[in-house]
Structures are given as structure tokens and as C-alpha cells.
Amino acid sequence: MVDVKKVAVIGAGTMGSGIALVAASSGYDVLLVDVSEDQLAAAQKYHAKISARSVEKERITQEESDAALARIVTCTDMTGLNDVDWVVEAATEQVDLKKKIFQEMASHARDDVVLATNTSSISITDLASAVPEAEDRVIGMHFFNPVPVMKLVEVIKGRATSETTTARTIALSESMGKTPIPANDFAGFVSNRVLMPLINEAFFAWEDGVADPEAIDGIMTLGCNFPMGPLRLADHIGLDVCRDIMLVMHAGLDQEKYLPCPRLVELVDAGRLGNKSGQGVYEYGN
Ligand code: NAD
């Protein structure tokens with residue numbers, strides 16, 4: 001265990017709720033912050049459901065589940081960051097919003113606290129520029145979805161990230177049962193530089209009429225041995241998140257090939273965000 005007792009997670013959506021649960025299950029006290037009460041309530045429901053399933057499958061005992069859930073406290077503002085030992089930001093993938101959040105994080109947290117971001121694609125150096133006084137403590141700590149299941153944490157140093165911050169991030173990731181792997185600070189890092197163009201191309205294949213979504217996913221699942229087709233994976237990730245990642249890579253890598261497919265953008269504009277909104281490429285009901 002690293003010298004951390006309490007972790008704050010900013011953003012209680014798909015990723016923040018998962019990171020909070022994994023941190024609490026690893027013995028850390030957790031402060032989960034979101035501007036939306038509804039998101040915090042949904043995160044608590046998700047925590048209860050996943051923990052109950054783990055008890056049912058005898059991966060943990062009822063007592064362990066109760067103790068983990070009791071370690072998570074929710075809040076709609078960042079004032080509670082004054083007594084945390086670590087912050088992971090997992091809010092919406094938009095540069096200006098994240099920079100504002102980083103300024104708030106730095107203004108509330110102690111000056112020895114690591115300010116990590118779960119961004120999928122935004123430059124760590126760019127985010128750190130919003131908090132010049134804390135640049136050495138800003139780092140990419142990129143978890144994967146669903147966080148309780150996926151082992152990888154992609155660790156990305158910005159220009160000024162210190163070796164101490166990096167070593168502590170690796171240790172914290174390992175203490176949560178994850179495998180940290182380093183990547184350099186380019187838009188999309190490794191994971192999304194490779195994955196998102198594939199997902200985007202699946203939308204183009206659908207838009208062009210090459211095949212319908214079921215056939216595209218079926219072909220990629222059976223033909224390439226993927227555990228899930230790219231369009232269904234996009235629904236899991238969140239179609240808005242996929243669009244935002246493509247836009248960040250388009251801006252950061254300055255190449256037309258990273259423009260999001262119009263079909264993807266249309267679905268997002270129609271409020272079809274994937275699993276989290278009940279409809280995306282596919283229908284999910286409630
Ligand atoms: P999401 O849309 O599910 O959740 C984002 C949350 O951020 C929402 O609950 C929103 O209310 C909250 N938020 C917005 N502004 C806020 C603020 N000022 N303060 C506190 N909370 C605020 O998104 P997500 O899928 O959880 O993605 C979060 C981050 O994780 C993004 O940077 C994304 O790129 C990254 N990421 C996503 C995935 C994925 O598969 N979805 C995987 C890895 C990384």
C-alpha cells in the first residue's frame with residue numbers, strides 16, 4: 001500500500017463510479033464528487049449492484065462488501081478535497097472543462113497530493129498548464145472500462161511530471177490490482193490512437209452501407225476474434241466519449257483521418273449515447 005488513505009474521484013459517470021468502487025474495494029476511503037446529484041445516485045446504485053454480484057459469486061464476503069460501500073462518501077463540490085491524499089479526475093472529456101476542474105482541484109488539495117487524470121486522449125502537459133504551481137504532480141492515470149474488470153492503467157507523464165509522481169502512480173495502480181503500462185504524451189496515447197480510428201471506421205462502414213451494425217460487429221467478433229464488435233464497444237464506452245476523443249486527436253495530431261464519422265456525431269446529437277442513455281447504435285431499454 002502506498003502512503004495514501006483517502007482518494008477523491010472527480011466525476012461519477014461510467015469511469016468515475018468504477019474507479020471509486022475499485023479504490024474502496026482496495027481499502028481506500030473515497031470521496032466521489034459530481035456536479036450532478038442524479039449521477040451520484042446512479043453511481044451508488046451501480047456500486048450496490050456490482051458488490052452484490054461479487055458476494056453472490058463468492059469473490060468477496062458480505063462484510064467486505066459492506067465495508068467497501070461504507071468507505072465511499074459522495075459530494076457535489078470539491079471542498080472535501082482538503083483532507084484527501086490523491087485525486088483522480090474522471091469528468092467529461094473536454095479540455096476547457098478539465099482545466100477548470102484542475103484549477104479547483106489544485107486550490108483545495110494539499111500541495112503534496114497527486115492530481116491524476118483519467119483522460120482518454122487529452123495532452124497531460126496541456127492539462128497541467130492550467131495549474132503551473134502543481135505541474136510536477138499532474139499525471140495521466142488512464143483506467144479502462146469496466147474498471148472493476150479491466151486490468152490496465154495506461155500511465156502518461158506530462159512534460160513536468162516528476163519521477164516521484166510517476167513512481168507513486170505506479171504503486172497506487174498496483175495496490176488497486178491493476179497493471180500499469182507507460183505511454184508518451186500524444187493525443188490519444190496508445191490505447192485510443194489505435195482503438196478509436198477502428199471504431200470510427202466501423203461507423204463509416206455502417207454509413208456507407210457496407211453492412212448493418214449486427215453484421216459489422218458479427219464479422220469483427222468472429223473474423224478477428226474480438227470479444228465484442230466495435231459498434232457495441234462504442235456503445236459501452238459512450239458515443240459522446242468516442243466523438244470527443246476523435247475531436248481531441250483531430251486537434252492534437254492535426255490529421256483529417258481523425259475527424260469523427262458523421263453517423264457517430266448524428267447519434268450523439270440525437271442523445272443516443274450508448275448503454276448509459278439506454279440507446280446508442282443498439283437499444284438497451286432501461
Ligand atoms: P461520463 O459522461 O459517463 O461521466 C462524466 C461525468 O463527469 C458526469 O457524471 C458529469 O456529471 C461529470 N462532470 C462534468 N462536469 C463536472 C464537474 N465540473 N465536476 C464534477 N463532475 C463533473 O464519462 P466517462 O465515460 O465516465 O468518462 C470520464 C473520463 O474518463 C473522460 O475523460 C473519458 O475520456 C475517460 N475515459 C472513458 C472511458 C470509457 O470507456 N467511457 C474509458 C477510459 C477513460
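Select, from ALA211, ALA234, ALA205, the only residue that is small (Gly, Ala, Ser) and within 16 Å of the ligand (Cβ to nearest atom).
Of the residues listed, the single one that is small (Gly, Ala, Ser) and within 16 Å of the ligand (Cβ to nearest atom) is ALA234.
Whether any residue in the range 26-36 is in contact (Cβ under 8 Å) with a residue 12 or more places away in the chain, over 17 Å from VAL113 (Cα atoms) and more than 10 Å from the ligand (Cβ to nearest atom) is what I want to check.
Looking through the range 26-36, at least one residue is in contact (Cβ under 8 Å) with a residue 12 or more places away in the chain, over 17 Å from VAL113 (Cα atoms) and more than 10 Å from the ligand (Cβ to nearest atom).
In this structure, is ALA251 outside the structural domain of PRO146 (by TED's automatic domain parsing), over 19 Å from GLN39 (Cα atoms), within 15 Å of the ligand (Cβ to nearest atom) and surrounded by fewer than 15 Cβ atoms within 10 Å (Cβ to Cβ)?
Criteria met by ALA251.
Take the residues of the range 53-84 that are outside any helix (DSSP H, G or I) and within 12 Å of the ligand (Cβ to nearest atom): which is surrounded by the fewest Cβ atoms within 10 Å (Cβ to Cβ)?
ASP77
What are the pairs, 6+ residues apart or on separate chains, where a residue within the range 226-238 that is farther than 19 Å from GLU93 by Cβ has its Cβ under 9 Å from a residue that is assigned to a helix (DSSP H, G or I) and within 13 Å of the ligand (Cβ to nearest atom)?
PHE226/LEU233; PRO227/LEU233; MET228/HIS236; LEU231/ILE199
Just checking, does the range 109-125 include any residue being within 16 Å of the ligand (Cβ to nearest atom), more than 20 Å from the chain's Cα centre (by Cα) and touching a residue at least 12 places away in the same chain (Cβ under 8 Å)?
Yes, the range 109-125 has at least one match.
When you look at ILE50, is it within 24 Å of GLN62 (Cβ to Cβ), assigned to a helix (DSSP H, G or I), near the ligand (Cβ under 10 Å from one of its atoms) and in contact (Cβ under 8 Å) with a residue 12 or more places away in the chain, yes or no?
Spelling it out, it is not the case that ILE50 is within 24 Å of GLN62 (Cβ to Cβ), assigned to a helix (DSSP H, G or I), near the ligand (Cβ under 10 Å from one of its atoms) and in contact (Cβ under 8 Å) with a residue 12 or more places away in the chain.
Going through the range 2-23 one residue at a time, which ones are under 21 Å from ARG59 (Cα atoms) and either among the β-branched types (Val, Ile, Thr) or surrounded by fewer than 24 Cβ atoms within 10 Å (Cβ to Cβ) (or both)?
Across the range 2-23, the qualifying residues are ILE19, VAL22.
For residues in the range 85-108 being within 11 Å of the ligand (Cβ to nearest atom), over 15 Å from the mean Cα position of the chain (by Cα) and open to solvent by less than 10 Å² (accessible area, probe 1.4 Å), which is farthest from ILE237 (Cα to Cα)?
Per the criteria, the residue is MET105.
The values are calculated or read from the model by the stated rules, or taken from the named source; none is laboratory data. Keep in mind that what you see is a predicted model, and the values were worked out from it rather than measured. Every residue, glycine as well, gets a Cβ built from its backbone with ideal geometry; the counts of neighbours run over all protein chains shown. Areas reflect the complete protein model, heavy atoms only, side chains present, ligands, DNA and RNA absent. Shrake-Rupley method; radii C 1.70, N 1.55, O 1.52, S 1.80 Å.
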